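Just so you know, all these numbers are worked out from the coordinates, no wet-lab data involved. Everything numeric here is computed off the predicted structure, so don't read it as measured data.
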Amino acid sequence: MLNNKNQELSVRAPSKSEDGFTLVEAVVAIFVVTIGLIGTAAAITYALEFGAISRNVSSAKSVIISTIEEMETLRNAQRLSFRQITRVGAVNNTGAATPFSGFSTGFRPVSTEPGADGVNGTADDLFERGADGVLGTADDVENPALIRAGYQRQIEITNLSDALKKIEIKVQYVGRAAKVGEITGVFYLNDEARVTR
């Protein structure tokens, strides 16, 4: 039997080893961790976005460099004469072994393959063989699958003299927030073909 009179209810203070977190401390800790995670997610998103932009800029630069190298090769290998390396409507095919229509004006999609003329940056780049199986005939069909997605190129050629041309290559690419970015490369082509071995 219990004697209520003699029984004392004792409340003792918890010792240090039994202390825990209060609800307020737990909420503050969760808040701090959440802010850290949001910051980390934002940094990762930023890094991924600018990584993609960096890839697009690098690809645009490679389009410019390959166009420059191709024009020098066309001249050096004498596939085109110096007079033929110009825009549509200004080509001088006099004495040329192979007629050439010229480089397209305005921005055009970059193709993964050259067309019938074997030169990138011309109007026939997006065409493939038609029913007759011969590239460069009237039955050739346009193939949008040949487009290098997200890139357009413009080639501007200015005659500075009879022996010097300024060639400006602009490439548009997908930039930040799906806006169009643009990069330009300028080089000068002279009439002195180098012998390549």
Item to complete: Would you mind checking the tilt of helix 23-76 against the longest principal axis of the Cα atoms of the chain, expressed as 0 to 90 degrees and rounded to 10?
Response: 10 degrees
Worksheet entry | Listed residues Thr98, Thr73, Thr86, most fluctuating in the chain (Gaussian network, C-alpha, under 10 Å) | Thr98
Worksheet, complete the sentence: Once normalised by the length of the chain, the mean sequence separation of its alpha carbon contacts under 8 Å that are 6 or more apart gives a contact order in percent of 17 percent
Discussion item. Need one number: convex hull volume per residue for the range 64-114, Cα atoms only, in Å³.
Written reply: 85 Å³
Response to the item:
proj_area_mean for the chain (convex hull on C-alpha atoms), units nm², value 26.1 nm²
Worksheet item: Where does the range 148-197 land on Rg/Rh, using Cα atoms and the Kirkwood Rh?
Response: 1.17
Fill in: Three-way shape label, the range 57-155, alpha-carbon gyration tensor, a/c 1.5
oblate
